[in-house]
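Engineer: Just dropping this structure here.
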Amino acid sequence: MMTTRVLPLLALLAYLPFRALAASTQGECPTVDLNSGCTGDDCGNQLWWLGALIYMGGSICINFGSNVVRLSHEKLKKIPVHQQPPIYKRYLWMTGFLIFFSGNIFNFVGFMFGAQSLLVALGSVQFVSNLLFARFINKEHITRRSVIATCAIVLGNVFIVVFGSKDDNTYGLDGLKCLVTTNIPFIIYFCFKIVCTICMQALYMFINRKIMKSPSTTPDGFAKFVPFAFAAVSTMIGSTSVGIGKSESGIVLVQFSGQATPLYTPWPWLMFACFLCLVGFWLYRLNKALKQYDALFIIPVMQALWLFFGVIGGGIFFEEFTSMKTLNLCFFTVGMIILLCGVLTLSPASFPSTEVEEDITGGVTRIASIRDFKSHPEYTRVDSGPKVTVIRQPSFSSV
């Protein structure tokens, strides 16, 4: 598939704008002082609360837009394929993505006033809103398990916010190229993330192929892993746009302050082009995930992984963890562990028994979950021209 072939290239593309700035630098990376007339200990981060409010509002918009897109997909399922409107007439779908896009703009503005590790963690407000939106927009049942999992995720992020760094340094082009060439932990982290992305995608493809060939003998655990792998690959690549967006917001602030004119150089525009590519990839994968999986499962998982990689990536690249004391770092780690436990709790407990007729190339295709194949051995993978009996990833019910 073309998408899987370009995944490593997209991951490397996220690093290109920073690497293009590379030059030999020594010493501490320079920052831009935007509070020259300010005095006091809290001068450097006096507006972090404004960034937090803006970012939380943007996060709620993103989650609301995701659920509107999901509602659009659910309504389309009730319409025969040949009667479905073209994409430019799917007004509900376009409205959802417009809200989603607006939320990202709010997040970009919020990055101008606060540290990435703090603001991304505050995005946990989405998990509260997701329960309400999924219930009242998509009419999905909220179980006690999903409520407990959401509370655990929020609790973990409370630890992250309380004990995380609230320092916010603004970097110009010189500061960014210094971080790229001298921040060894970030280089190691980024290379590790690329390797994990490739391995996770390879496992995703291997398990899918195994399900296709031997559905009746495929363990249910394999099918549980598939949506998680899909979400992990999507977020490991897509979340890189957070760091680029944070960097771009700093460059815009420097431009507005009048201390320098970085927007007159090609580097910010190259970074912006890469940012658009990564956001486009994220939107494509999010749209695909909402078509295949239950919103109560896939939205929290993708957002939690997005939050995780966003916090870690920002804390390492912008050196936000260096100002944290040992006690703060310990409780910060506890918060991340609680968050991951909440995500694991969201894993689907069972598979639905559903058989759906779906169109591939104008013909009808039988699609069933793994359990359907185990209970109906007459269903096998049979190629017959445009018609083929295949397996779709289970559309998980509420957990």
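Engineer: Please report the spacing between the Cα centers of segment 118-142 and segment 305-336 in Å, no decimals.
Structural biologist: Measuring centre to centre over Cα atoms gives 23 Å.
Engineer: Assuming a ≥ b ≥ c are the square roots of the Cα gyration tensor eigenvalues, decide whether segment 64-103 counts as rounded (a/c under 1.5), prolate (otherwise, with a/b larger than b/c) or oblate.
Structural biologist: Working: a/c = 4.59, a/b = 1.90, b/c = 2.41.
Taking the square roots of the gyration eigenvalues as a ≥ b ≥ c, segment 64-103 is oblate.
Engineer: To continue, here is another question. With the full set of protein chains in place, find how many percent of the accessible area of segment 128-196 is carbon and sulfur; take the probe as 1.4 Å.
Structural biologist: Numbers: 2340 of 3240 Å².
Roughly 72 percent, rounded to a whole number.
Engineer: Can you pull the semi-axes for segment 192-334, root of five times each eigenvalue of the Cα gyration tensor, sorted largest first, whole Å? Show your work: numbers first, answer last.
Structural biologist: Working: eigenvalues 249, 81, 31 Å².
Taking √(5λ) for each Cα gyration eigenvalue gives 35, 20, 12 Å.
Engineer: Follow-up question, since we're still on this one. Give me a comma-separated list of calculated 3J(HN,Hα) values for segment 48-65, in order, Karplus coefficients 6.51, -1.76, 1.60 applied at θ = phi - 60°, integers in Hz, x for any Gly or Pro.
Structural biologist: Result, ordered by residue: 4, 5, 5, x, 5, 5, 5, 5, 5, x, x, 5, 5, 4, 4, 5, 4, x Hz.
Engineer: Then there's this: How large is ³J(HN,Hα) for each residue in segment 136-151, as worked out from phi by the Karplus curve 6.51 cos²θ - 1.76 cosθ + 1.60 (θ = phi - 60°), to whole Hz, x for Gly and Pro?
Structural biologist: In residue order, the calculated couplings are 8, 9, 9, 6, 8, 6, 9, 9, 5, 5, 5, 5, 4, 4, 5, 5 Hz.
Engineer: If I compute solvent accessible area with a 1.4 Å probe over the protein chains, what percent of it on segment 205-245 is carbon and sulfur?
Structural biologist: Numbers: 910 of 1360 Å².
Of the solvent-accessible surface of segment 205-245, carbon and sulfur hold 67 percent.
Engineer: Just the number please: accessible area per residue for segment 83-211, 1.4 Å probe, all protein chains included, in Å². Before the final figure, lay out each step's value.
Structural biologist: Working: 6040 Å² over 129 residues.
About 47 Å² of surface per residue is accessible.
Engineer: For Gln84 and Thr261, FRET efficiency with R0 = 41 Å and r from the beta-carbon atoms, rounded to 0.05?
Structural biologist: Numbers: r = 50 Å, r/R0 = 1.21.
My answer for the efficiency is 0.25.
Engineer: Here is a follow-up. If you average the C-alpha positions of segment 145-163 and of segment 200-233 separately, how far apart do those two centres end up, in angstrom?
Structural biologist: 28 Å
Engineer: Using the beta-carbon distance between Cys330 and Phe192 and R0 = 25 Å, what value does 1/(1 + (r/R0)^6) give for FRET efficiency, to the nearest 0.05? Before the final figure, lay out the partial values.
Structural biologist: On the way: r = 22 Å, r/R0 = 0.90.
Efficiency, rounded to the nearest 0.05: 0.65.
Engineer: Oh, and also: Could you tell me what percent of the accessible area of segment 251-316 is made up of carbon and sulfur, with a 1.4 Å probe and every protein chain present?
Structural biologist: Values: 1790 of 2410 Å².
After summing per-atom areas, the C and S share lands at 74 percent.
Engineer: Just the accessible area per residue of segment 225-299, please: how many Å² with a 1.4 Å probe?
Structural biologist: Numbers: 2390 Å² over 75 residues.
Solvent-accessible surface per residue comes out at 32 Å².
Engineer: Answer rounded, prolate or oblate for segment 264-333, using the Cα gyration tensor with square roots of eigenvalues a ≥ b ≥ c: rounded when a/c is under 1.5, else prolate when a/b is larger than b/c, else oblate. Could you put the intermediate results ahead of the total?
Structural biologist: Details: a/c = 6.02, a/b = 1.15, b/c = 5.25.
Since a/c reaches 1.5 but b/c is at least a/b, the shape of segment 264-333 is classed as oblate.
Engineer: In percent, what relative contact order does segment 67-196 have, based on Cα pairs under 8 Å that are 6 or more apart in sequence? Numbers along the way, then the final one.
Structural biologist: On the way: 65 pairs, mean separation 35.2, N = 130.
It rounds to 27 percent for segment 67-196.
Engineer: Could I ask something else about it? Can you figure out the FRET efficiency of Val109 with Lys213, using R₀ = 56 Å and their beta-carbon distance, to the nearest 0.05? Walk me through the intermediate numbers first.
Structural biologist: Details: r = 49 Å, r/R0 = 0.88.
After rounding, the FRET efficiency stands at 0.70.
The values are calculated or read from the model by the stated rules, or taken from the named source; none is laboratory data. Remember, it's a predicted structure, so these values are computed and weren't measured experimentally. Here Cβ is always computed from backbone atoms with ideal geometry, including for glycine, and neighbour counts include all displayed protein chains. With ligands, DNA and RNA removed, areas are computed over all heavy atoms of the protein, side chains included. Shrake-Rupley method; radii C 1.70, N 1.55, O 1.52, S 1.80 Å.
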